[in-house]
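Read the structure below first, then the notes.
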Amino acid sequence: MDSILKGKTVVVTGAVRGIGLAIAELCAQKGANIAIPYVFVDPAPALEKLRAMGVKAEAYECNVADFNKTKEVCDKIIADFGAVDALVNNAGITADKLILRMTEEDFDKVIAVNLKGAFNMTKHLTQNFMRNRGGAIVNISSVVGLMGNAGQANYSASKAGLIGLTKTVARELSSRGVTCNAVAPGFIATAMTDALTPEQQDAIKKQIPLGFIGNPDDVAKAVVFFLENRYVTGEVIKVDGGMYI
Ligand SMILES: NC(=O)c1ccc[n+]([C@@H]2O[C@H](COP(=O)([O-])OP(=O)(O)OC[C@H]3O[C@@H](n4cnc5c(N)ncnc54)[C@H](O)[C@@H]3O)[C@@H](O)[C@H]2O)c1
């Protein structure tokens, strides 16, 4: 049976590598066309991979923290693809420091990308979803948004904020057939975790009941569950090997 994602357009912010790219690849495998707002990373290898799967894929240089630029890019994506059926707010950054040393700039920049970025994208695509009488939004939060983490006051606040945003958007848009959910990953193997020493990785594994670090595909499967299910909204799924039970 074909996925309901076949022939649909999914916007995945920051999907040029890591978890975002795994989400885009799984959606493409199910026949979805992919639009990627991104910064910093060369999008060419990701686009090549996605296009080789037989779908349309385009990247748009866009800082998600910029309200006006995200409006311009959302309008361009709608013009290029016809309409948007789903949005995954995946773009995120860290600037870790204990609160004693954390600067105002460290706090503001993480909130601006992780939380306001999701607000910007959601706001600029809401009319499109209302016109389409349906749609699905998934926000990539984190278990540290649920449990806190020393050294991540800015990041955990942004990820907790995403859960409030998720539940409110779910309530506001449900009468229009739009769902909004969140995925809260624990430790996932990306470029970031590859940089850890074997000793650091062992210390992390000790905090995970299942005993191993997850991979981006584990997160992508939870995202696609939400994108394919029209009857789940306002929900948060942890993908963390049991780290926060
Ligand atoms: N890796 C983990 O263990 C883990 C755990 C929990 C949550 N997450 C979350 O998952 C998401 C993806 O993380 P990842 O590990 O793949 O990281 P990553 O750094 O590999 O990917 C982040 C992506 O976001 C993009 N990005 C960053 N700032 C941006 C901006 N201002 N505008 C547009 N794009 C921007 C980057 O270009 C990059 O492609 C993030 O929201 C992260 O907080 C990751």
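The set of residues from segment 120-129 being without any contact (Cβ under 8 Å) to a residue 60 or more places away in the chain and away from the ligand (no atom under 12 Å from the Cβ) comprises 122, 123, 124, 126, 127, 128, 129. Does residue 117 satisfy being within 28 Å of residue 56 (Cα to Cα), away from the ligand (no atom under 14 Å from the Cβ) and touching a residue at least 12 places away in the same chain (Cβ under 8 Å)? No; evaluated as a whole, the condition is false for this residue. Taking helices (runs of 4 or more DSSP H) as the structural unit, those lying wholly within segment 12-111 and holding at least 3 residues that are free of Cβ contacts under 8 Å to residues at least 24 places away in the same chain and either aliphatic (A, V, I, L, M) or more than 14 Å from the ligand (Cβ to nearest atom) (or both) correspond to 44-51. Taking only segment 42-57 into account, find how many residues are surrounded by fewer than 17 Cβ atoms within 10 Å (Cβ to Cβ) and closer than 24 Å to residue 114 by Cβ. Counting residues in segment 42-57 that are surrounded by fewer than 17 Cβ atoms within 10 Å (Cβ to Cβ) and closer than 24 Å to residue 114 by Cβ gives 1. In segment 130-229, counting only helices (runs of 4 or more DSSP H) that sit wholly within it, none holds 3 or more residues that are among the aromatic types (Phe, Trp, Tyr) and within 16 Å of the ligand (Cβ to nearest atom).
Is it fair to say residue 186 is surrounded by fewer than 21 Cβ atoms within 10 Å (Cβ to Cβ) and farther than 14 Å from residue 118 by Cα? No, not satisfied. So, residue 36, is that one surrounded by fewer than 21 Cβ atoms within 10 Å (Cβ to Cβ), aliphatic (A, V, I, L, M) and under 14 Å from the mean Cα position of the chain (by Cα) or not? Taking the combined requirement at face value, the residue does not satisfy it.
All of the numbers you see were taken from the coordinates with simple rules; none came from a lab. Every value quoted in this text rests on a predicted model; they were computed, and no experiment measured them. Note: ideal-geometry Cβ built from the backbone for every residue, glycine included; neighbour counts use all protein chains shown.
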